[in-house]
Amino acid sequence: MRDQNPIRTARRKARQGERERNGIAASPCVLCIEDHHTAGKHHDSLLTAPLCRMHHRDIHEQLLRAGIPLTFEPDEFKRAALALRSMAVYDRARAGAMERWATLLDAKGEQNELQSQKRRKQTDRKRTSQHLRSGAHRQTRTSEANGQCARQCREVA
């Protein structure tokens, strides 16, 4: 089937590529998940991992840039070495993703900690305010147990 509007198709593909490069592309559907042969299809055809098309293309580009041929290698030792190098490229990409996720979690954790500290301070101020307004504070201030109130005020504050 011929493309009815090739200019519109080219523009759509260019916009999609830009969104993918900026990391704002829509999450992949079930239909665009592909099996990536992490050791290379001709090096070990059984070792696969599911990837979306965008990341599958990206990993293959990294393999080619690393000088790893995706063709069959008859020498078993060379084939094993190429399979290990292929897996190393894939694992580096996975490690980079995990590092990004950990950074996001760290930032979120720090944000949650700051919010918790703020809530604790507000709760402590509220307790201090309640203690100072309570009858117990007035009674201990005017009685001989003034030192006891001071200790309580320090504990609350």
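The values are calculated or read from the model by the stated rules, or taken from the named source; none is laboratory data. In this text, all values refer to a predicted model and were calculated from it rather than measured experimentally. We place every Cβ from the backbone using ideal geometry, glycine too, and count neighbours over all the protein chains shown.
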* Asked: Cβ-Cβ below 8 Å, separation at least six or inter-chain, first residue in the range 19-40 and at negative phi and hydrophobic (A, V, I, L, M, F, W, C), second in a loop (DSSP other than H, G, I, E, B) and modelled with pLDDT of 65 or more: which pairs?
  -> A39/L47
* Condition check for T123: at pLDDT below 80, of a type in the set (V, I, T) and surrounded by fewer than 13 Cβ atoms within 10 Å (Cβ to Cβ) -> yes
* Would you mind finding the one in S86, S45, S129 that is among the polar types (S, T, N, Q), at pLDDT below 85 and in contact with a His (Cβ under 9 Å, 6 or more places away or on another chain)? => S45
* Can you find even one residue in the range 108-118 that is of a type in the set (S, T, Y), at pLDDT 85 or above and out of contact with any strand residue (DSSP E or B) (no Cβ under 8 Å at 6 or more places or on another chain)? -> no
* Using beta carbons and a limit of 8 Å, which pairs, at least six apart or on different chains, have the first residue in the range 45-68 and more than 16 Å from A88 (Cβ to Cβ) and the second one in a loop (DSSP other than H, G, I, E, B)? -> T48/T38; C52/P28; R53/P28; M54/A25; M54/P28
* Being among the basic types (K, R) and modelled with pLDDT under 85, is that true of even one residue in the range 62-77? -> no
* Return the pairs, sorted by first residue and then second, in which the second residue is assigned to a helix (DSSP H, G or I) and β-branched (V, I, T), the first residue lies in the range 79-90 and is within 15 Å of T48 (Cα to Cα) and touching a residue at least 12 places away in the same chain (Cβ under 8 Å), the beta carbons are less than 7 Å apart, and the residues are 6+ apart or on different chains. => V89/I59; Y90/I59
